[in-house]
Each structure stands twice: as C-alpha cells, then as structure tokens.
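Asker: Right, I'll just put the structure down here and ask away after.
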Amino acid sequence: MPNGPLTLPARLCLLAWDAARPAAGGTAHRPDLVRAGALVELAQRGLLTDEDGIATPVDLDASAGDAVLDGLLDLVRESCPHSWRTWVTLRARLTFDAVREQLVAEGYLRAEKRRVLGMFPSVEYTLERLAVVEALREEVRDVLRGEGAEVSGRDAAVVALAAVAGLLPDQEVRVHERRLEDLLERAGAAGPGPRRVVREVSTAVTTTTRSAPAPTAGG
C-alpha cells in the first residue's frame, strides 16, 4: 500500500477526507474513525493492551515516536480508565486535530486562513496531494477484493475500519464480507489483546456511522 511512513490514523484521515468539501471544523471528516485508527495502531505496537475491556498503557514511559500516537498515549495515561469503545469518541477531536496538522506539515493538506463574515478568523483545510489520496483509495479497494501481495496487520486494519465507516462502496463490501472478516482477523493477529481492540473499535465506528445524519444535497 502506498505512503508507507503514514500512520494508520493518518491514512484513515485521508481516506475520509471529502475533496469537494473543504473543512474548517473537521467533524465531517470522522474524528471517531481517526481515533479508532490510533487506538488500533497503539495496540498493534504493544503500547496499549486490553485488560477486561479497558484500554491500558503497557508502560508509563514507553513512546511510539510519533507525536499523534504519543499524544493519545499520554491522554490515556492521565485519564480515568475507559473502554475501547468509549475512547473512540471521547475527546476524539484532539487526535483528529493533531493528525490534520501533521498532514499539513507533510504536504498532504493545505491550510488557508479565512475570515468568516469578513470578521472572524478561521482556517480552511483542503487536500493538496489528491492523486496520492486517490491511489491510496484504489489500493484499499484492491486489498478488499483480495488483490495484490500479502497484507500487513496495519493495512488490514485500514481496510476493515474504512469499510465499517462507510468509506467503501456498499456493494463491494457486501460482495466481500468474508474477505472483510479475514481482514479483521489479520488486523488483530498479534494476539488476543489486539484482536479484541480491533473488534471493539470497529463496533464503535459502525455505531457512529449508522447514527450520523445523512448528508444533505449539495453538502
């Protein structure tokens, strides 16, 4: 899959970005999905573990070496214990905003200062590397279809979470339901902990996707 250095939450953020709708606030671009990706990556790296359904840091001093992931690790350490499903939405904008700024710094998004009603300062974010994002989307669909080489745990998680978030064509998801189950298993293949994490956050994303209001005509 292209863009190897990109973290799981960064890839999901790009996949969810609607190029036709520049974002000032960002809620349309799925902070819950971005947070879910960060939780799964921390679990895959062995930095968060599952203790009876609670997201638990493995080591109080461990670091992921990534500002976004480390920011979430610190948040989990400093907060009351919560379930994985709770963490998918709890203060998810913190993770989303951090990923968005990271993508701006790396040239995937462009930030432009605006004034609302000619008075109030605002920042509008738009896709800068559209061709790269389109290639990422096509690779995700190839993985869902079972095309290409061996799939890593991270790539499997990207596809599985994108599917439950409604980012892939419904017909393709229905046709490849068995493949999607295989990808969920692959995403959590590191052990019982990551496997439960993937299932829990996938369920949470599915719930928020189904409860979200349908987009209105014309955006």
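Asker: Per DSSP H run of at least 4 residues, take -39500 (n - 2.57); add these up for the chain, divide by its residues and hand me the 222 nm value, nearest 500 deg cm²/dmol. Intermediate results must be reported in sequence, preceding the final value.
Answerer: Values: 10 runs with 120 residues, N = 219.
Calculated at 222 nm, the ellipticity per residue is -17000 deg cm²/dmol.
Asker: Projected area of the range 36-80, taken from the Cα convex hull and averaged over every viewing direction, in nm²?
Answerer: Mean projected area for the range 36-80: 3.0 nm², to one decimal.
Asker: Still on this structure, I have one more. Rounded to the nearest angstrom and ordered from largest down, what semi-axes does the equivalent ellipsoid of the range 140-192 get from its C-alpha gyration tensor (root of 5λ)?
Answerer: They are 17, 12, 9 Å, listed largest first.
Asker: Share of the range 32-95's accessible area from carbon and sulfur, percent, 1.4 Å?
Answerer: 49
Asker: With every protein chain present, what is the per residue accessible area of the range 80-219 (1.4 Å probe, Å²)?
Answerer: So the range 80-219 comes to 56 Å² accessible per residue, rounded to a whole number.
Asker: Could you work out the percent of alpha carbon pairs in the chain separated by over 33 Å, rounded to a whole number?
Answerer: In whole percent, the long-distance tail amounts to 13.
Asker: Can you give the direction-averaged projected area of the convex hull of the alpha-carbon atoms in the range 55-108, in nm²?
Answerer: The orientation-averaged projected area of the Cα hull of the range 55-108 comes to 4.0 nm².
Asker: Report the relative contact order of the chain, percent, no decimals, based on alpha-carbon pairs under 8 angstrom and at least 6 residues apart.
Answerer: 26
The values are calculated or read from the model by the stated rules, or taken from the named source; none is laboratory data. These figures come from a predicted structure and were not determined experimentally. These area figures cover heavy atoms from the full protein model, side chains too; ligands, DNA and RNA do not enter into them. Shrake-Rupley method; radii C 1.70, N 1.55, O 1.52, S 1.80 Å.
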